[in-house]
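Taking it in order: structure first as structure tokens, then the write-up.
The values are calculated or read from the model by the stated rules, or taken from the named source; none is laboratory data. Not measured: the values here are computed from a predicted model. Ideal geometry is used to build each Cβ from the backbone, glycine not excepted, and the neighbour counts take in all protein chains shown. Calculation scope for accessible area: heavy atoms of the full protein, side chains included, ligands and nucleic acids excluded. Shrake-Rupley method; radii C 1.70, N 1.55, O 1.52, S 1.80 Å.
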Amino acid sequence: MKMAIPQLAGAVLAIGAMQSAHAQAPVSPAPNPDAPVYAVSYIDVLARQKSLGMTVLKQFRSACAGEAGNLRCEAIQRMEQQNEFAILEVWKDQKAYETHAAGAGAQLRDKLKPILASPYDERVHTALSVLPPQPMPSGRIVYAITHVDVIPPKVADTIPLLTQMAETARKEQGNGRLEVLQQPAPRANHFTVIEIWSNKRMLENHQAQAYSVQYRENLQPMIGALYDERIYKILD
């Protein structure tokens, strides 16, 4: 049976589209329910409700740290826009995270909802490049949290850039933590880089290093959105 030319052309286009979609599929780690779960949440409250927001987040931090399966729970405040916050959580496995999300996590969202300036934004990740927990550095600690969004065909090229940068930066004076996290499929082209430095000057020294500048230059052609780096301090 012969296929008409329009039908043949349509079939070729469909095959090509499937091949293209397959070629552009982000590189994503296989799901592992026993692996630690990293949750990064961004919370923006109304400026006039900043104090209430701080109180709610401090209470959550204390309660969260006491939950079964919690490995870390940090609440941090943006240094410039001080009504903007982030929560960094690490859970022993998927079950521990889901139990928390259905309980204390849901309760937190309910408490914050009346004072939010924008929707509660939680990003769940797996570890791409992390080290075992380290003691917090001394000094006026600053956090740099960067969301890296690359176009899907460039995920495989992005991963070595991120991991090499992390391995080099960890050796710098003043670095207390550098973690590279990756979101699971279908958002495996989204990464979060979490850095802790002894103080802001140490962070700025790191940003001025030649390899750090080169890393951002190499990454720039691959990103699909603004390189979004935000600076925070511990919420106290």
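The figures follow:
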{"item": "D (Stokes-Einstein, µm²/s), Kirkwood Cα radius, the chain, 0.890 mPa s at 25 °C", "result": "126"}
{"item": "Dipole axis of the chain (+1 Lys, Arg; -1 Asp, Glu on Cβ), positive-most option in 176, 128, 222", "result": "176"}
{"item": "Point-charge dipole on Cβ atoms (K/R +1, D/E -1) for the range 140-236, about Cα centre, debye to 20", "result": "220"}
{"item": "Relative contact order of the chain, pairs being alpha-carbon contacts under 8 Å that are 6 or more residues apart, as %", "result": "25"}
{"item": "Student exercise, the range 173-221 dipole from Lys, Arg, Asp, Glu Cβ charges, in Debye to nearest 20", "result": "80"}
{"item": "Packing-based order for 82-89, 204-211, using average beta carbon neighbours within 10 Å, highest first", "result": "82-89, 204-211"}
{"item": "Å² of accessible area per residue within the range 85-160, as computed with a 1.4 Å probe and no ligands counted", "result": "50"}
{"item": "Ellipticity estimate at 222 nm from DSSP helix runs (n ≥ 4, -39,500 (n - 2.57)) divided over the chain, nearest 500", "result": "-11000 deg cm²/dmol"}
{"item": "Helix 210-219 axis, angle to the chain major axis (alpha carbon atoms, nearest 10°)", "result": "40"}
{"item": "Whole-Å distance, taken between Cα centres, linking the range 78-97 and the range 121-183", "result": "15"}
{"item": "Check: the chain dipole with +1 on Lys, Arg Cβ and -1 on Asp, Glu Cβ, in debye", "result": "300"}
{"item": "Tilt relative to the chain, helix 50-65 - C-alpha long axis, 0 to 90 degrees, to 10", "result": "80"}
{"item": "Note, ³J(HN,Hα) from phi for the range 44-49, Karplus 6.51, -1.76, 1.60, rounded to Hz, x at Gly and Pro", "result": "10, 9, 4, 4, 6, 10"}
{"item": "Carbon and sulfur %, accessible surface of the chain computed with the full protein complex present, 1.4 Å", "result": "56"}
{"item": "Cut-off 15 Å between beta-carbons: net charge of the residues surrounding residue 177, Lys and Arg +1, Asp and Glu -1", "result": "-2"}
{"item": "Between helix 155-169 and the chain: long-axis angle, C-alpha atoms, 0 to 90°, nearest 10", "result": "30"}
{"item": "Within a Gaussian network of the chain (alpha carbon springs, distance under 10 Å), most fluctuating of 167, 217, 195", "result": "217"}
{"item": "Vicinal HN-Hα couplings computed from phi for the range 139-148 (Karplus, 6.51 cos²θ - 1.76 cosθ + 1.60; Hz; Gly/Pro x)", "result": "x, 8, 4, 10, 10, 10, 10, 10, 9, 10"}
